[in-house]
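Since the structure comes first, as C-alpha cells, the remarks are kept for the end.
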Number of protein chains: 2
Amino acid sequence: MVSAARLFARQGARGTSIDEILSESGTGKSQFYHYFSDKDELIRCVHAMQIERMLALHSVIFEQLDSWEGFELLQDTVLHLLESQRFQNGCPIGSLASELAASDELVRIDTEQYFDRKKAAIVRGLTSMKLRGELRADTDVQGLADFVVTVLQGAKLMCKVRRSADSASASFRHMMAYLRSHRTALA
Amino acid sequence: MVSAARLFARQGARGTSIDEILSESGTGKSQFYHYFSDKDELIRCVHAMQIERMLALHSVIFEQLDSWEGFELLQDTVLHLLESQRFQNGCPIGSLASELAASDELVRIDTEQYFDRKKAAIVRGLTSMKLRGELRADTDVQGLADFVVTVLQGAKLMCKVRRSADSASASFRHMMAYLRSHRTALA
DNA sequence: AGCCCAGTGTACTGGGCGGTATAATCTCCG
DNA sequence: CGGAGATTATACCGCCCAGTACACTGGGCT
C-alpha cells in the first residue's frame, strides 16, 4: 500500500501496473486479491489513506489556526513537505484527483470531502479569531477559507511543475498579507 | 487530435488508448503513425496544442490586463469556460501536468513555460498600472503575478473536484480584493 | 495508358495487463 | 501428531494495448 502510494505519486495511478506494485513491495498477487477486490479499490484505498495521513499530519496545526502564527506554521509545513520530496510530487491527493476525478466519482467525492475538512479547520480558526476581535466583524470567513484551500492547492501544483518553491512561497506571502489585511486595530 | 484532447480531459492520457481515439475520430491507425511516431509524441502535441489554444483564447484579455476591468474580465472568462463544460474538466493543461509532470520531463517543461507566459502577461499589465501610478510604487509585481497564476490554477482544480464554481468564485473575489488593496489614492 | 508514391484501411503480432485457479504452506486447536 | 481453515506462491488465461506489415487507393506525371 505504501509502495503503491509511492509509485502512484511518481507515475500516476493509471500509469502503474499491479505487477509493478507487487514487485516493489515484495508480495504476491494472491495477497493483493485477498485484501482488494480489484485495482480500482486499491486506488481508492490508497487515496483515502493519503487523505487521512495528510489530515493527521496537519491535525496539530489545524488546532492552531486561530492565530497568525498558526497560518505561518501551516504554510511552512507545506513548504517543508514539498521540499523533502524535492518538489517532484506536489500534492499526491490533488494529483490523483486531477487524474481521476472526471472518471471515478468515488475518488472525486473523497477529494471533495478532504477539501471540506481542510476548509472546516480553517473556518474554525478564523471564526475564533473573529470572536476574539482580531478579525474585522464583516470578514467573509467561509470565502476566505475557500481562498486559502485554493491557494494551497495551486501552490502545490506550481511546485510540482516548476520544481521550485519560488512561486509557491510568493503566493503564500501574498495570501498571508491579504489575511492580515482583515485584522482589527486591536490585533 | 481534438478527439484525443476530449478523451484525455475525460479519462486522462494514460487512461485513453490509441484505438479509442481512432474510433472516436473515425480514422485509421496508419494515419496516426504517419503523423506521430508514438503515443508519447501525441500526448505532447495535444498538450502543446492545448497550451497554444488557451494562450490564443486569452491573448485579447492578456492585453487588457493593465486595468482592474481586465482582471475582472480574465476571471469571468475563466469561470465561463469552466461552466461551459459543467465543471467536469477543470484545466486540461493543469490536469495533464498533474498526471505526467513527474514522469515526462518534456510535458513538465512545456507546462512550466505556459505558466511563465501567463505570468509574463500579468507582469506586463501590472507594470504598466504601476507606471501610470495606479499601483503603489512598492508593489511586488513579480510575486503578485505568481500569486494570480497560482490562484487561477487552484480555482480550476476546485471546480473540477467540487463540480461547482462556488469555491473558485469566492477565491477570485478575494484575489481581486487583494489586488485592489495595492491601488494608490489616485486610482 | 503506365508508373509512381504519398496517403489510407486493416489484419496482424508480441507483450504486458488485470484477474483467476490451484497447489503449497502456515497456524491453530484437539 | 493430525487435520481444517486461513493465508500465500506461482503458473496461467484471455484480453487489450502499442506498434507493424502489407495491400490498396487515387491523383499527378511522362
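The values are calculated or read from the model by the stated rules, or taken from the named source; none is laboratory data. Just so it is clear, the model here is predicted, and its values are computed rather than measured. When we count neighbours, we look across all protein chains shown, and the Cβ atoms used for this are built from the backbone with ideal geometry, even at glycine.
So here's what we get for this one:
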| read-out | value |
| --- | --- |
| Members of segment A:75-97 found to be among the charged types (D, E, K, R) and touching a residue at least 24 places away in the same chain (Cβ under 8 Å), listed by number | A:GLU83, A:ARG86 |
| Tally, over segment B:33-55, of residues that are farther than 20 Å from B:GLN113 by Cα and surrounded by 19 or more Cβ atoms within 10 Å (Cβ to Cβ) | 0 |
| The lone exception for A:VAL161 - which of (1) facing chain B (nearest Cβ under 9 Å); (2) over 18 Å from the mean Cα position of the chain (by Cα) it fails | (2) |
| Filter pass, B:LEU126 being in contact (Cβ under 8 Å) with a residue 40 or more places away in the chain, within 11 Å of A:THR150 (Cα to Cα) and of a type outside the set (Asp, Glu) | no |
| Residue match in segment A:170-186 (condition: without any contact (Cβ under 8 Å) to a residue 24 or more places away in the chain, farther than 27 Å from B:GLU112 by Cβ and within 10 Å of chain B (Cβ to nearest Cβ)) | yes |
| Answer from B:THR139, B:THR150 - the residue that is of a type in the set (S, T, N, Q) and assigned to a loop (DSSP other than H, G, I, E, B) | B:THR139 |
| Any hit, segment A:11-24, residues being over 23 Å from A:GLU99 (Cα atoms), of a type in the set (S, T, N, Q) and surrounded by 13 or more Cβ atoms within 10 Å (Cβ to Cβ) | no |
| Scope segment A:15-32; condition part of a loop (DSSP other than H, G, I, E, B) and more than 8 Å from DNA strand D (Cβ to nearest atom); matching residues | A:GLY15, A:THR16, A:SER17 |
| Qualifying residue in segment B:101-111 (condition: under 12 Å from the mean Cα position of the chain (by Cα) and without any contact (Cβ under 8 Å) to a residue 40 or more places away in the chain) | no |
| Residue in segment B:29-39 that is away from DNA strand C (no atom under 14 Å from the Cβ) and at pLDDT 95 or above present | no |
| Residue within segment B:5-20 that is basic (Lys, Arg), farther than 21 Å from A:LYS160 by Cβ and within 16 Å of DNA strand C (Cβ to nearest atom) present | no |
| Yes/no for A:LYS156 being part of a helix (DSSP H, G or I), in contact (Cβ under 8 Å) with a residue 60 or more places away in the chain and facing chain B (nearest Cβ under 9 Å) | yes |
| Test: residue in segment B:90-100 that is crowded, with 16+ Cβ neighbours inside 10 Å and within 16 Å of DNA strand C (Cβ to nearest atom) | yes |
